[in-house]
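The values are calculated or read from the model by the stated rules, or taken from the named source; none is laboratory data. The shown structure was predicted, so the numbers you read here are calculated from the model rather than taken from an experiment. In this analysis, Cβ positions are derived from the backbone assuming ideal geometry, glycine residues included, and neighbour counts consider all displayed protein chains.
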Amino acid sequence: MFPYLALSAVLFSIGLFGVLTRRNVIGILMSLELMFNAANINFVAFNRFVATDGLVGQMFAIFIVVVAAAEAVVGLSIVLLIYRNWRGIGTDNIHVMKW
Amino acid sequence: MEVPEAGVVFWILSVVIIVSGMLVVSLKNIFHCALALVVCLFAVAGIYLLLEAEFLAAAQVLIYVGAVAILIIFAVMLTTDLASGKITQTNENATIAFVACVMFAAVAMFLIKKTRVWDISPFGLSFDNVSAIGKYLMTEFMLPFEVVSVLLLAALIGAVVLARKERS
C-alpha cells in the first residue's frame, strides 16, 4: 500500500506548490484539481487494502469528484467575471477585497 | 483475488502522474498546463483501475477529462491571451514554496512509512463494483446522493447567474 500513499503525498505536494506559486487563477484551480485527485487516490487505496468489507471509500471518492466538478464550474464562472471586470485574471489584479 | 503488488503498470502510471503534475504547475503557457492536466487525470483513472475501482475510473474519465478539463480549456481560451506566453506565471514565493512542499512531502512519506497499524486485508474487494455502488447510492448514501444533486443544481444556477452579461 505504501507506493499508493506515497504517490498521493507527492501529487498533493505538487498541487500545493501550484496553489502557492501560480499567478493565474485558472492555474490555481488546476492545482486544486491535482490535490483533489491525490485525496481520491488515498480514499480508494485505503478502500482497496484496509476496509475491504465495503465500498465506502469509493463512494467518498465519487462524492469528492462531484463536488470538485461543482467547484470548478462556479470557480471558472467567477474567473470569467473577474476577467470581464479587470481585463486580466492574475492574482495581482484581485486585491479589492484587501483593505 | 489476491492483493496485487505494485507492478510495472503502477510505476509507469505514477511516473506519468508525477511528471505531468509537475508540468501542470510549472509550464509557462497556461494552455499547455491544461493539456498536461488532462494527461495527469487519465493516469489517475488508470490508478483507480489498478485499485479495482472500475466505476470510479469511468466516472473520472467522464467527469474530469470530459467535463472539467474541457471547462478549464474553455476558460483559458476565453480569458488568456495565448500568444503572450512570455508573462511569468509564478510569483516571487516560488523558491520558498518549493522548499515547503518538498518538506511537506518528506514529512508525509516519513509518517506513512512509520505507521504500521493498518492491517492490510489479504483479500481484494469481492464485489461487483458497479452494482454495489448502485446499491449504496440507493440505500446507505441516499441522503448524500440527494444533497449532492441539489448542490449540482445550485452550482448550475450559480454559474449561469455569475457568467451572464448584465443588461444595462
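If you go through the range B:16-54 and keep only what is within 7 Å of another protein chain (Cβ to nearest Cβ), part of a helix (DSSP H, G or I) and over 13 Å from the mean Cα position of the chain (by Cα), you end up with B:22, B:25, B:30, B:33. The combined condition, being at the interface with another protein chain (Cβ under 7 Å from one of its Cβ atoms), buried (at least 18 other Cβ atoms within 10 Å of the Cβ) and farther than 30 Å from residue B:133 by Cα, is not fulfilled by residue B:63. For the range A:48-56, state whether one or more residues are more than 7 Å from chain B (Cβ to nearest Cβ) and closer than 19 Å to residue B:21 by Cβ. Scanning the range A:48-56 turns up no residue that is more than 7 Å from chain B (Cβ to nearest Cβ) and closer than 19 Å to residue B:21 by Cβ. Could you list all residues from the range A:5-21 that are within 13 Å of residue B:47 (Cβ to Cβ) and either at pLDDT below 90 or facing chain B (nearest Cβ under 7 Å) (or both)? A:5, A:6, A:7, A:10, A:11 - these are the residues of the range A:5-21 that are within 13 Å of residue B:47 (Cβ to Cβ) and either at pLDDT below 90 or facing chain B (nearest Cβ under 7 Å) (or both). Checking the structure you have, find out if any residue of the range B:113-127 is surrounded by 14 or more Cβ atoms within 10 Å (Cβ to Cβ) and assigned to a helix (DSSP H, G or I). Within the range B:113-127, none of the residues are surrounded by 14 or more Cβ atoms within 10 Å (Cβ to Cβ) and assigned to a helix (DSSP H, G or I). From the list A:11, A:76, the lone residue that is without any contact (Cβ under 8 Å) to a residue 40 or more places away in the chain, under 23 Å from residue B:36 (Cβ atoms) and outside any strand (DSSP E or B) is A:11.
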